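Encoded as structure tokens, the structure appears first; notes follow it.
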Amino acid sequence: MTKVLAIGATGSVGRHVVASLVEGGHEVRALVRDEAASRLPAGVEAVEGDLTRPESLEPALAGGVEAVYLMWPGLPVRPRVVELIARHTRRVVYLSTDVADLADDEPAVVFHQEIERLIRRSGLEWTFVRAIDFAGNLPAWADQVREGVVRWPYGRARRSPVHERDIADVAVRALTEDGHGGAAYVLTGPESLSHAEPAGIIGEELGVAVRWEELPPETAREELTAAWGNAAFVAARLRAWESFTREPERVTGTVREVLGRPPRDVRSWVRDHAADFR
């Protein structure tokens, strides 16, 4: 059995990582900001710490931790965190996204690239779990689903959303099995769906009528900037979605290759999360 420290243990993926590790009989420790407020499965040891204060990780890493699940929540990158992980353990599985590998002197475009590069240089045995599009983003439509109409731009954009439980299952394999070192696993769901199709699937599974209404890109830019507060991020998302109307987001076979079974589809995800839309 493996002793694992989970950093990001209560996130949408991390909570499934922790639950699967516990179910598999592994010893699990979770780094949390507030032990009293953390909701963790029975048997999981909570240790308080904060990625913005790297030295606070020392107690969590001490005592024979063999592997670390690392999710970085968009905070400024702290190289010291990776240094400490490398000092105390031998294996790290990093929840990343679909980014290009960088040369040593090439500037990072997103923080995931910077963290991946730090990990590569650390001497750790590493695995990058690069999830492209989370099905878990669909609850952003919950209020609209309750109104019976989903208004969103680029209804013809084709995406390949992946279930967070599949991401977690791949991460657990990499944490607890040999043979995954140096792998950058790009994970997707089993199929390419247009933006509009999940709205219909949600309606079918809930037994309600949900129609799609195309939102003009400039209207979407205004509304999403107001909601998300980051104009540059919104602009990047709109450019990406427009590109997927011309060239669909890729579908990989990585989940099947790693787990020996097909990935869960969006309909399965909606059934698991139906309460989010009611």
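Of all the criteria given as (1) free of Cβ contacts under 8 Å to residues at least 40 places away in the same chain; (2) under 25 Å from Trp269 (Cβ atoms); (3) not β-branched (Val, Ile, Thr), the one not satisfied by Gly24 is (1). Inside the stretch 239-268, residues that are of a type outside the set (Phe, Trp, Tyr), assigned to a helix (DSSP H, G or I) and either more than 20 Å from the chain's Cα centre (by Cα) or under 21 Å from Ala199 (Cα atoms) (or both) make up a count of 9.
Considering the stretch 43-56, the residues that are farther than 20 Å from Leu175 by Cβ and not in a strand (DSSP E or B) include one that is most open to solvent (accessible area, probe 1.4 Å), namely Glu55.
Count of the stretch 133-161 residues, restricted to those that are open to solvent by 30 Å² or more (accessible area, probe 1.4 Å) and closer than 25 Å to Glu191 by Cα, is 11. Checking the stretch 72-90 against the condition returns no match, with no residue being outside any strand (DSSP E or B), in contact with a Ser or Thr (Cβ under 7 Å, 6 or more places away or on another chain), under 21 Å from Val170 (Cα atoms) and open to solvent by 10 Å² or more (accessible area, probe 1.4 Å). Being open to solvent by less than 50 Å² (accessible area, probe 1.4 Å), assigned to a strand (DSSP E or B) and either within 25 Å of Pro161 (Cβ to Cβ) or touching a Ser or Thr at 6+ places or on another chain (Cβ under 9 Å) (or both) is a description that applies to Ala30.
Does Pro248 satisfy the condition of being closer than 15 Å to Pro161 by Cα, open to solvent by less than 30 Å² (accessible area, probe 1.4 Å) and touching a residue at least 40 places away in the same chain (Cβ under 8 Å)? The answer is no for Pro248.
Return the residues of the stretch 91-123 that are assigned to a loop (DSSP other than H, G, I, E, B), β-branched (Val, Ile, Thr) and either open to solvent by less than 70 Å² (accessible area, probe 1.4 Å) or within 22 Å of Gly11 (Cβ to Cβ) (or both); say none if nothing qualifies. Answer for the stretch 91-123, where residues must be assigned to a loop (DSSP other than H, G, I, E, B), β-branched (Val, Ile, Thr) and either open to solvent by less than 70 Å² (accessible area, probe 1.4 Å) or within 22 Å of Gly11 (Cβ to Cβ) (or both): Thr97, Val99, Val110.
Restricting attention to the stretch 236-245, and to residues there that are surrounded by 13 or more Cβ atoms within 10 Å (Cβ to Cβ) and of a type in the set (D, E, K, R), which single residue is farthest from Ala135 (Cα to Cα)? So, considering only residues that are surrounded by 13 or more Cβ atoms within 10 Å (Cβ to Cβ) and of a type in the set (D, E, K, R), the one farthest from Ala135 (Cα to Cα) is Glu242.
Could we say that Leu224 is in contact (Cβ under 8 Å) with a residue 60 or more places away in the chain, aliphatic (A, V, I, L, M) and surrounded by 14 or more Cβ atoms within 10 Å (Cβ to Cβ) here? So Leu224 does not fit the description; no. Restricted to the stretch 12-27, and to residues there that are open to solvent by 50 Å² or more (accessible area, probe 1.4 Å) and within 21 Å of Pro73 (Cβ to Cβ), the residue that is nearest to the chain's Cα centre (by Cα) is Ser12.
The values are calculated or read from the model by the stated rules, or taken from the named source; none is laboratory data. Since the structure is predicted, the reported quantities are computational estimates derived from the model, not experimental observations. Methodologically, a virtual Cβ is constructed for each residue, glycine included, from the backbone with ideal geometry; neighbour enumeration extends over all protein chains shown. Accessible surface areas use protein heavy atoms only, side chains included; no ligands, DNA or RNA. Shrake-Rupley method; radii C 1.70, N 1.55, O 1.52, S 1.80 Å.
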